Amino acid sequence: MDFTTTRKKLLPILEKAERLRKRYRFFKIGSALFIVIILLGSTSLPMVLYTNNATYLKWMTKLSEANSWFSFQTFMVLYWIPFFVFLTTSQRYKNKYKKVEREILKTLLTKMAPGFAFNENLQITSKEIEASKLITNYLQVATTKSHTQHKVHNLNFGLLSGKIGDTSIKIGDVKILNQSLYGSYLMYIPFFTHFLLFSTYLRPWLSKKHSLEQTGSSFLGMFAIMDFNKKFNGTTIVLPDRFEKKVGYFAKTIQQLNLNRDSLVNLEDPEFEKEFVVYSNDQVEARYILTPSLMQRITNLKRKVNKSIMLSFKENKLYMGVQHPHGFFSLNESKNLTTSNAIELFYEDISAAMDIVEDLNLNTKIWAQ
């Protein structure tokens, strides 16, 4: 792809998008800071009560006095008014920016994937995400059978679909809020809710591998559904192994304690085992699916994209999720659109997604019905 020519043709709309991006970014960061302040206050309050309850009661007594209470009310007004202004302004500029960004992306995708159809108004559905079993379902407090509720919700839109050889594939932009935890028994564990708030809302500010776009989400990135070249009946899940490199021998013990998954599958590929952990409801079928060749291809794919990936094999389909800190069908919001390599990075992400079929050799029909 000729990026120089493409950038010249898109320069007017890129300049317009850049002006909107700067304003949106400013108000978005501002509103996020207000949220961090209130979260830090709410999470630290239980610790203060636990360690120094007497001092807290004296402070609250002083606040109850007329003069002190007035100053406290003033502080709250000074907090909530600018927070509301930043929040609403951020949303207004977001709508304007995303509208222009979609025009840019549709132009780029026409050049990058001419044989594919892109629909900005479609999405990977909650039903499809739940069917993949890639998102952990927590133990739920009992509800009425008549009340059905999805445990995951996709906030992002955009669907790229088509065929590569004989393999159908659809690729979506996904931002998942996992609401299954709220209202579950786990919320009754002391300080667990505070840990959850810290992990969900504060971690993006402290980690280089996370971005502000991930705030409040459990997964952000690409989600693909494609035909698999073998027939099977069970479900096999391949997840990133977060314990093997850290605790070594004890990793298997920890993984076996995962009550939300099927049985742990031990495989014979040491390189694959270092990167992934496998769960399945059929040990024989898991080994039938994950041949030495496929395990090597999955390991190479993970190294190629250099991002956290997860896969599931279910109902003759391959589901794949790849974490993208800034989203998938979007340009990196932290980069200047006219001077940076934002377009090149978007091209690399799309190319890597389109190459999955070839990287995993899915067009080779190994076994027919």
Complete set of residues in the stretch 98-133 that are of a type in the set (S, T, N, Q) and in contact (Cβ under 8 Å) with a residue 12 or more places away in the chain: 107, 119, 121, 123, 125, 126, 132
From the options 281, 306, 341, 300, residue that is surrounded by fewer than 18 Cβ atoms within 10 Å (Cβ to Cβ) and under 23 Å from residue 127 (Cα atoms): 281
Residue that is surrounded by the most Cβ atoms within 10 Å (Cβ to Cβ) [pool: residues in the stretch 148-183 that are hydroxyl-bearing (Ser, Thr, Tyr) and at pLDDT 75 or above]: 167
Any hit, the stretch 128-137, residues being more than 21 Å from residue 313 (Cβ to Cβ), in contact with a strand residue (DSSP E or B) (Cβ under 7 Å, 6 or more places away or on another chain) and at pLDDT below 85: no
Yes/no for residue 46 being in a helix (DSSP H, G or I), at pLDDT below 70 and not aromatic (Phe, Trp, Tyr): yes
Output for the stretch 256-282, where each listed residue is assigned to a loop (DSSP other than H, G, I, E, B), free of Cβ contacts under 8 Å to residues at least 24 places away in the same chain and farther than 23 Å from residue 129 by Cα: 257, 266
Qualifying residue in the stretch 312-334 (condition: β-branched (Val, Ile, Thr), touching a residue at least 12 places away in the same chain (Cβ under 8 Å) and surrounded by fewer than 20 Cβ atoms within 10 Å (Cβ to Cβ)): no
Any hit, the stretch 283-290, residues being without any contact (Cβ under 8 Å) to a residue 40 or more places away in the chain, over 18 Å from residue 174 (Cα atoms) and of a type in the set (A, V, I, L, M, F, W, C): yes
Residue match in the stretch 63-81 (condition: among the hydroxyl-bearing types (Ser, Thr, Tyr), over 30 Å from residue 331 (Cβ atoms) and at pLDDT 75 or above): yes
Among residues of the stretch 302-319, those that are of a type in the set (Lys, Arg) and in contact with a strand residue (DSSP E or B) (Cβ under 9 Å, 6 or more places away or on another chain), counted: 4
Listing of helices (runs of 4 or more DSSP H) fully contained in the stretch 284-369 that carry 2 or more residues being at pLDDT 90 or above, touching a Phe, Trp or Tyr at 6+ places or on another chain (Cβ under 9 Å) and not hydroxyl-bearing (Ser, Thr, Tyr): 292-305, 342-354
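The values are calculated or read from the model by the stated rules, or taken from the named source; none is laboratory data. Here the structure is a predicted model, which means the values were calculated and not measured. Cβ: placed from backbone, ideal geometry, glycine included. Neighbour counts: every protein chain shown.
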